[in-house]
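Read-outs: derived from the displayed coordinates by stated rules, not from any lab. Quantities reported herein were computed from a predicted structural model and do not represent experimental measurements. For neighbour counting, all protein chains shown are included, and Cβ atoms are generated from backbone atoms with ideal geometry for every residue, glycine included.
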Amino acid sequence: MLSPVRLISEAAELATRRHNGMARKGRGNEPYINHLAEVANLLAAATDGADAELVAAGWLHDSIEDTDTTRQELAQKFSERVAALVVECTDDMSLPKAERRRRQVVDAPRKSAGARLIKIADKISNIGARIHSEPTPEEREDLVDYLSFSEKVVAGCRGTNVVLDRIFDETVSLARSTL
């Protein structure tokens, strides 16, 4: 088993390699790795750095969904828990967007505590990326749609961590102030 620092460092390195060249939605051509770093940092802050496997899973939460990374690879390289958390947070990309979103809302309350934390951190990061000081009509519409969806997902995750609940609420409030 890797030490906590090595676990997080190795997860960040793998996430960087696997998501190389990908751009983030919502912030122009910002590298996608910035989203993963933000999610991992939110998880580290919310748990005061006490859960290295959770932070590693934050770095890797989109790796199965967006790259050729496998569950088996994550379990072997990191741990069974890291792999399980990533799988819990992975959408079935063969489904239409509306169905993937519906499943996120329905499944949120049944997820493990760690997966619920990753979901909240992911939504915070994604909302933040959609906040613009002078949004275009399309950006405004996208933000309104994503806020509505995110609030439904996070409703099923609340109560797991007061820090993330507070940051989510603050992020939603900031987003609404730009509309």
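Brief remarks follow.
- Among Thr178, Thr136, Thr69, Thr90, the order by Cβ neighbours within 10 angstrom, fewest to most, reads Thr136, Thr178, Thr90, Thr69.
- The chain - mean residue ellipticity at 222 nm from DSSP helices (-39,500 (n - 2.57) per run, n ≥ 4, rounded to 500): -21500 deg cm²/dmol
- Stokes-Einstein D for the chain, Kirkwood Rh over Cα pairs, 4 °C, 1.567 mPa s (µm²/s): 79 µm²/s
- The residue among Trp59, Gly21, Ala46 whose Cα reaches farthest toward the positive pole of the charge dipole of the chain, with charges on the beta-carbon of Lys, Arg, Asp and Glu, is Ala46.
- When each of Met22, Met1 is scored by the number of other beta-carbon atoms lying within 10 Å, the sequence from fewest to most is Met1, Met22.
- Normalised by 2.2 N^0.38 Å, where N is the number of residues, the C-alpha radius of gyration of the range 65-144 stands at 1.31.
- Relative to the 2.2 N^0.38 Å rule of thumb, the range 1-82 has a C-alpha radius of gyration ratio of 1.05.
- Chain lengthening between Thr70 and Glu141 when straightened (0.36 nm per residue, less Cα-Cα): 22.1 nm
- In the distance distribution for the range 13-52, Cα-Cα pairs more than 17 Å apart total 39 percent.
- Measuring nothing but how far apart in sequence close Cα pairs (under 8 Å, 6+ apart) lie, relative to its length, the range 4-177 scores a relative contact order of 21 percent.
- FRET efficiency, Val105 to Val163 (Cβ-Cβ, R0 30 Å, nearest 0.05): 0.85
- The modelled label-to-label distance between Lys152 and Leu95, using points 7 Å beyond Cα along the C-beta direction, is 1.2 nm.
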